[in-house]
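What follows is a single structure, written as structure tokens, with notes after it.
The values are calculated or read from the model by the stated rules, or taken from the named source; none is laboratory data. Small disclaimer: the values here were computed from a predicted structure and weren't measured. Counting neighbours? That spans all protein chains shown, and the Cβs are built from the backbone with ideal geometry, glycine included. Surface accessibility is based on the protein's heavy atoms, side chains included, excluding ligands, DNA and RNA. Shrake-Rupley method; radii C 1.70, N 1.55, O 1.52, S 1.80 Å.
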Amino acid sequence: MERRTLAQTLSRLCYRALRQAVRLCYPTITLEGVENLPPGACILAGNHCQLHGPIIAELYVPGKRAIWCSAEMMHLREVPAYAYRDFWRGKPRRSRWLYRLLSYGIAPLSVCIFNNAHTIAVRRDGEVLATFRQTLERLDEGCRVVIFPEGPEPHNAIVNRFQEGFADLARLYRKRTGDPLPFVPMYVAPRLRKVYFGKPVFLDPALPREEARSRLCAQLMDAVTEIAVGLPRHTVIPYANVPKNAYPTNVPCEAEQAHEKASR
């Protein structure tokens, strides 16, 4: 027990040092649309932006916060396979061996960071209820829960299609509290050094479950896209780890051209 406690203490100290180093080195981020954030519990749903989304959420989302994180990134033995599959599977064949090695190299760092940051482990299949239960507990505490729900399938050139399961939190929260759960669209724009929060949207409880999920996610994806397109011209950092010369801009015609290039 003492050895485990010492290991946890050292891990926590290591995380604090890493967090401070990132805070010093990472560009300062400005928050826009903070007036759209509810004062209490809500879901912030936005573009993943590769590593930028989680870093910015941890460092800059105001107030109590909790960030959904894949449970695989919290366990030493599971990090390499998950990291390679999720981050680097699209890399050129000739360099994949390097990323295989890198996936093992980042494992201890990943475990340290994601077990000490403001995270909620996202489990799947039979264990997903544990994720929902922990999320509802954090919402009860008045937390802003940050979710990056993009999946591998593109929605448009700005954002990938959202995985819809997280929308069920609205029904569970209403059943638990009697209140609707606000979902705030969030656009992360590292190249502008800003994060933008849109107006909250809500799941319609009168609709069938699948239709309500789809409609809510469509509203959120469209809101994120609308925020991005309405900003000054800038490079959008996509969900997929594609070559930088294939990154789109927020200008619709340019974004579609880059998207087609990345898809070849």
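Residues in the range 196-205 that are closer than 16 Å to ASP179 by Cβ and assigned to a loop (DSSP other than H, G, I, E, B): PRO200, PHE202, LEU203, ASP204, PRO205. Scanning the range 112-159 for residues that are open to solvent by less than 40 Å² (accessible area, probe 1.4 Å), part of a helix (DSSP H, G or I) and among the hydrophobic types (A, V, I, L, M, F, W, C) turns up CYS112, ALA130, PHE132, LEU136, LEU139. With respect to the conditions (1) open to solvent by 50 Å² or more (accessible area, probe 1.4 Å); (2) aliphatic (A, V, I, L, M); (3) in contact with an Asp or Glu (Cβ under 8 Å, 6 or more places away or on another chain), LEU102 falls short on a single one, namely (3).
Scanning the range 28-50 for residues that are within 10 Å of LYS194 (Cα to Cα) and open to solvent by 40 Å² or more (accessible area, probe 1.4 Å) gives THR28, THR30, LEU31, GLU32. How many residues does the range 160-187 hold that are surrounded by 14 or more Cβ atoms within 10 Å (Cβ to Cβ), outside any helix (DSSP H, G or I) and either touching a Phe, Trp or Tyr at 6+ places or on another chain (Cβ under 8 Å) or of a type in the set (D, E, K, R) (or both)? Residues in the range 160-187 being surrounded by 14 or more Cβ atoms within 10 Å (Cβ to Cβ), outside any helix (DSSP H, G or I) and either touching a Phe, Trp or Tyr at 6+ places or on another chain (Cβ under 8 Å) or of a type in the set (D, E, K, R) (or both): 11 in total. In the range 59-91, of all residues being at pLDDT 95 or above and in a helix (DSSP H, G or I), the one that is least open to solvent (accessible area, probe 1.4 Å) corresponds to LEU59.
Answer with yes or no whether SER95 is among the polar types (S, T, N, Q), free of Cβ contacts under 8 Å to residues at least 60 places away in the same chain and surrounded by fewer than 17 Cβ atoms within 10 Å (Cβ to Cβ). Answer is yes for this residue. Scan the range 21-58 residue by residue and report those that are out of contact with any Pro (no Cβ under 9 Å at 6 or more places or on another chain), among the polar types (S, T, N, Q) and not in a strand (DSSP E or B). Within the range 21-58, THR28 is the sole residue that qualifies. The set of residues from the range 68-92 being in contact with a helix residue (DSSP H, G or I) (Cβ under 6 Å, 6 or more places away or on another chain) and touching a residue at least 40 places away in the same chain (Cβ under 8 Å) comprises CYS69, MET73, MET74, TRP88, LYS91.
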